[in-house]
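Shown next, in structure tokens, is the structure this report addresses.
The values are calculated or read from the model by the stated rules, or taken from the named source; none is laboratory data. Note that the structure is a prediction, hence the values are computed from the model and not measured. Backbone-built Cβ (ideal geometry, glycine too); neighbour counts: all protein chains shown. Quick note on the areas: whole protein, heavy atoms, side chains included, nothing else; ligands and nucleic acids left out. Shrake-Rupley method; radii C 1.70, N 1.55, O 1.52, S 1.80 Å.
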Protein chains: 2
Amino acid sequence: MKVSEASQLTGVSTDTIRYYEKEGLIPIIDRNDSGNREIDERIIRRITFAKHMRSAGMSIKALKQYVDLVDDTEDNTAKQKAILREQVADMEERRDDIQFAINHLNYKLEHYDDHMKEAENELRELENK
Amino acid sequence: MKVSEASQLTGVSTDTIRYYEKEGLIPIIDRNDSGNREIDERIIRRITFAKHMRSAGMSIKALKQYVDLVDDTEDNTAKQKAILREQVADMEERRDDIQFAINHLNYKLEHYDDHMKEAENELRELENK
DNA sequence: TGTTGACTTAGAGTGTGCTCTAAGTAATAT
DNA sequence: ATATTACTTAGAGCACACTCTAAGTCAACA
């Protein structure tokens, strides 16, 4: 699979795929005889995973640390584990903030709907006079 | 309350408080005779709210739109409502991504703990020989 | 055979959201 | 009186995460 197809499939731009490879968020991708990237299912999964993590608010740097840990490319010290725990704690806080925000906006939307309905009813009454 | 105290209380830097005021994310703050900001409980709540929304991944622009809508400083059109609904949908997606990421990291941490325990047990056995 | 189009690279440019700087004012302490 | 400290402003600078540009290579089709 070419990089453009991988982009289509994952919703991550070709530039960003190349950038993630350079930054080590995904593995180095094999090249064909012409020097072009040949992307397989494993890389697709890694791109999608990176996309999820970035969308969840994980920084490039934090994601790199995580990837290095899981890929066993660096030593797995207790310090690395502590970094991971911190990241989980950050995410839990962010998740709670998001839920708060969703609840808040939904409440306001319902409220707003009420206003709309009132306005619509007023209009209807005027029309039926 | 001075801006530095508000910063301490909310965990938002003085620079950022001034920036949020300039951008209209919080109301214009009253000044005292010296021209310094006099921050009250209402402003504190607004700063905290902005902090929550930002932490939830809402952009400055989107937050401004929302604030304008709720503050009734602009006309409340159905278009504005649609914008809000989009923001809620975005946040729900982001929340799900975060939960996915948390689950993933927690699983890896448990796995990692197993490795640690094995290593510890091996050490203990060696010591008890 | 030439030109179209997708790929490659290194590196420059961009938008967002702060964060810092410089220059100035005002209140307080010595 | 003067020094310190916290505030003010406009605007410059910065980190992050892309995103675009330029210059070049390669395969395929007219």
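Things worth noting here:
- Looking only at the range A:52-72, and only at residues there that are within 11 Å of DNA strand D (Cβ to nearest atom) and in contact with a Gly (Cβ under 8 Å, 6 or more places away or on another chain), the one that is farthest from the other protein chains (Cβ to nearest Cβ): A:Lys64
- Under the condition of being modelled with pLDDT of 90 or more and farther than 30 Å from A:Val70 by Cα, the residues counted in the range B:68-110 number 2.
- In the set A:Arg45, A:Arg85, only one residue is more than 13 Å from DNA strand D (Cβ to nearest atom) and within 15 Å of the chain's Cα centre (by Cα); that residue is A:Arg45.
- A:Gly35 meets each of the listed conditions (1) of a type outside the set (S, T, N, Q); (2) within 11 Å of DNA strand D (Cβ to nearest atom); (3) closer than 23 Å to B:Lys108 by Cβ apart from (3).
- A count restricted to the range B:28-67 and to residues that are open to solvent by less than 20 Å² (accessible area, probe 1.4 Å) and over 16 Å from B:Leu9 (Cα atoms) stands at 8.
- Any hit, the range B:112-125, residues being surrounded by 11 or more Cβ atoms within 10 Å (Cβ to Cβ) and either modelled with pLDDT of 65 or more or in contact with a strand residue (DSSP E or B) (Cβ under 7 Å, 6 or more places away or on another chain) (or both): yes
- Considering the range B:1-27, the residues that are near DNA strand C (Cβ under 10 Å from one of its atoms) and assigned to a loop (DSSP other than H, G, I, E, B) include one that is most open to solvent (accessible area, probe 1.4 Å), namely B:Ser13.
- Residue within the range B:55-63 that is in contact with a helix residue (DSSP H, G or I) (Cβ under 8 Å, 6 or more places away or on another chain), of a type outside the set (Gly, Ala, Ser) and in a helix (DSSP H, G or I) present: yes
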